[in-house]
2 protein chains.
Amino acid sequence: MRIPGISDVRNHLIAEPGKAFDLSSRDSADRNLFEDKSVAKTSLKKDAAVINELKDILYAEKKRSILVVLQGMDTAGKSGTIKSVFAETTPLGMEVKAFKAPSSNELARDYLWRVHNAVPKKGHVGIFDRSHYEDVLVVKVRGYASPEDVERRYDQINAFEKHLSENGVTLIKCMLNVGYEEQGIRLRERLEEEHKYWKFNPADLDDRALWKDFMAAYETAVQRCSTEHAPWYIIPADSRTRRNAMIARLVRGALEDMDLSWPGSDYRLEDFDFS
Amino acid sequence: MRIPGISDVRNHLIAEPGKAFDLSSRDSADRNLFEDKSVAKTSLKKDAAVINELKDILYAEKKRSILVVLQGMDTAGKSGTIKSVFAETTPLGMEVKAFKAPSSNELARDYLWRVHNAVPKKGHVGIFDRSHYEDVLVVKVRGYASPEDVERRYDQINAFEKHLSENGVTLIKCMLNVGYEEQGIRLRERLEEEHKYWKFNPADLDDRALWKDFMAAYETAVQRCSTEHAPWYIIPADSRTRRNAMIARLVRGALEDMDLSWPGSDYRLEDFDFS
């Protein structure tokens, strides 16, 4: 069994910019890339190590950054992805930002204000656990903003992400596509397994009841905001191991594309006295 | 060869609160705790794994936090410590904050403002790479504040740290005690090894020229601010492996003392429908 190449992974998972996007055509249990689970494990382990190495050069260079955006319904595995893909990565130069319901201080500004504020520093890898996409997902489904406001946001988000990408931020946007049935199993687990109790939130069931509305909102968001500078990848998320392996391939690919190298020195040894 | 117990490590490294502290009596090459380097390696590896496990429970509990304060002269190994001690720790729930020269926005407030702002969230492990102690170290040595202002800061820092500790933050303050000679070797390395070029800053040699003043400032800071609620530990830092192993023991010890357990559940499985 062979580990799929990075461009194969991208081609298989991308929502093609400018093309119609049909979420229902994406199988949350798709195993085309990693049929064999053990291959996914091996691939993840290798990629996690390379990610750690390249991240150190990115950190030394301090010119550009990576921003991994993780979106998905509850239990889709946003935290699990962070833990696995960055299992080999020390916290130095990493920034994880979880977006919760906005505070009154955040609501006093436009919805992208807190997001811009959380963009990773040059040299860092940032991870968004949820993101500005909530402002066209839950906000749309629950009607927290008017339809006209939501409608304007897709273009605003594209402009914002274009701005970031033109200023040295490589975005990797992943929709963790978990199936309705699999979510049911995972929510149950949170009341069955002691070390998962803390994750259970009855409100998650309210979102589950609106599944179709959420899927429609995801479909629109991906369709409207998958762009050349920041495409969306739809990750089959019913298998945790394969999900992690696929995202690790994407992150490694982004780092490799940056063509990183250790910075040179402006100084000469003989000009200094270390005695 | 035996791994030294956590209380042995603490007793050997602590600057006893309320007692006179003589920095020159602390050997930067001290190998009493880990004579054998391979034992240090084994100890570090074990502790790093346990730290990762316990940190997950801390994260789930979301009530308290850990704050590791790393201080030391250039090359003492602040970054190296973070990379090694937290080698097994995923970035989820970790916050690394490097304190640089304050911005004009930060200087517009008192010196603890930006520090308070960077205190880790409940459930998180925060690491300060440099800290508020710079305000009684470089600030004192370079005269960036008046002697009267600096003098008042020791008690202010103690009050601030007491406040944090009473509000669920466990502080682990480590002075990475590198020797003058060893620093010379390490600064040279930064111009000799390609992947270290980026770390070289000629200004580090200016601080080196003031070594005695810095050591005096460290001695006073440790003497005045090693308290029952937030003691200072003086880590012999000439050996990187042993330094990492010692700090890992301290971090693991702090997590173990918190007596962490997975939160219980307020909900019953039978009250919910997951179909």
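Going 7 Å from the Cα of A:Ser265 in the Cα-to-Cβ direction, what parts of segment B:162-200 have a backbone nitrogen less than 16 Å from that spot?
B:183-200
With no solvent and one point per C-alpha, what does the Debye sum give as log10 I(q)/I(0) for segment B:6-258 at q = 0.09, 0.14 Å⁻¹?
Per q value, in the given order, log10 I(q)/I(0) is -0.37, -0.97.
Picking from B:Asn11, A:His124, B:Gln71, whose Cα lies most toward the positive end of the charge dipole for the protein assembly as shown (charges on Cβ: Lys, Arg +1; Asp, Glu -1)?
Of the options given, the answer is B:Asn11.
Can you run phi through the Karplus equation (6.51, -1.76, 1.60; θ = phi - 60°) for segment A:44-53 and list ³J(HN,Hα) in whole Hz, with x for Gly and Pro?
The phi angles translate into 4, 4, 5, 5, 4, 5, 5, 4, 4, 5 Hz.
With charges only on Cβ, +1 for K and R and -1 for D and E, what is the dipole size of segment B:145-237 about its Cα centre, in debye, rounded to 20?
Using only the charged Cβ atoms, the result is roughly 120 debye.
Return a whole-number percent for the relative contact order of chain A, with Cα pairs under 8 Å and 6 or more residues apart as the contact set.
35
List, in order, the whole-Hz ³J(HN,Hα) value for each residue of segment B:208-214 obtained from phi through the Karplus relation with A = 6.51, B = -1.76, C = 1.60 and θ = phi - 60°; use x for Gly and Pro.
Result, ordered by residue: 4, 5, 9, 3, 4, 5, 5 Hz.
Once the Cβ-Cβ distance between B:Ala159 and B:Ala101 is put in as r, and R0 is 30 Å, what FRET efficiency do you end up with, to the nearest 0.05?
It comes to 0.75.
In the protein assembly as shown, what % of DSSP beta bridges are antiparallel (nearest 5)?
Rounded to the nearest five, the antiparallel share is 10 percent.
Once you put a point 7 Å from the Cα of B:Arg188 and another 7 Å from the Cα of A:Trp113, both along the Cβ direction, what distance in nm separates them?
Label-label distance for B:Arg188 and A:Trp113, simple model: 5.5 nm.
From the label point of A:Thr42, set 7 Å from Cα along Cα→Cβ, how far away are the matching label points in the other copies, in nm, ordered shortest to longest?
A:Thr42 label point versus its equivalents elsewhere: 3.2 nm.
What list of ³J(HN,Hα) couplings, whole Hz, do you get for segment B:84-91 from phi and the Karplus terms 6.51, -1.76, 1.60, once you set θ to phi - 60° and write x for glycine and proline?
8, 5, 10, 4, 9, 9, 6, x
Treating only the Cβ of Lys, Arg, Asp and Glu as charged (+1, +1, -1, -1), what charge dipole size does segment A:6-258 show about its Cα centre? Round to the nearest 20 debye.
That gives a dipole near 600 debye.
Among B:Arg64, A:Arg249, rank each residue by its count of other Cβ atoms within 10 Å, from fewest to most, as a rough exposure measure.
B:Arg64, A:Arg249
Please list, by residue number, every one of the trypsin sites (Lys or Arg not before Pro) in segment A:198-246 that is coil in DSSP and has at most 16 other beta-carbon atoms within 10 Å.
Filter output for segment A:198-246: empty list.
For segment B:1-64, what is the charge dipole size about the Cα centre, in debye to the nearest 20, if Lys and Arg each add +1 at the Cβ and Asp and Glu each add -1 at the Cβ?
Charge dipole, segment B:1-64, about its Cα centre: 260 debye, nearest 20.
Name the residue from A:Tyr218, B:Leu191, A:Val136 whose Cα lies farthest towards the positive end of the charge dipole of the protein assembly as shown, charges +1 on Cβ of Lys and Arg and -1 on Cβ of Asp and Glu.
With unit charges placed on the Cβ atoms, the residue in question is B:Leu191.
Taking Cα pairs under 8 Å and at least six residues apart, what relative contact order does segment A:42-92 come out at, in percent?
60
Could you grab the relative contact order for segment A:127-275? Cα pairs under 8 Å, six or more apart, rounded to a whole percent.
Normalised by residue count, the contact order of segment A:127-275 is 32 percent.
Mind listing the long-range amide H neighbours of A:Gly126? Cut-off is under 5 Å, sequence gap 5 or more, other chains count too, H placed in the peptide plane at 1.01 Å from N.
So A:Gly126 has HN proximity to A:Ile66, A:Leu67, A:Val68, A:Glu95.
Reported to two decimal places, what Rg/Rh ratio describes the protein assembly as shown when computed on Cα atoms with Rh from the Kirkwood expression?
0.98
Every number in this text was worked out from the coordinates using simple rules, so none of it is lab data. It should be emphasised that the depicted structure is a prediction, and the values quoted were computed from it without experimental measurement. For neighbour counting, all protein chains shown are included, and Cβ atoms are generated from backbone atoms with ideal geometry for every residue, glycine included.
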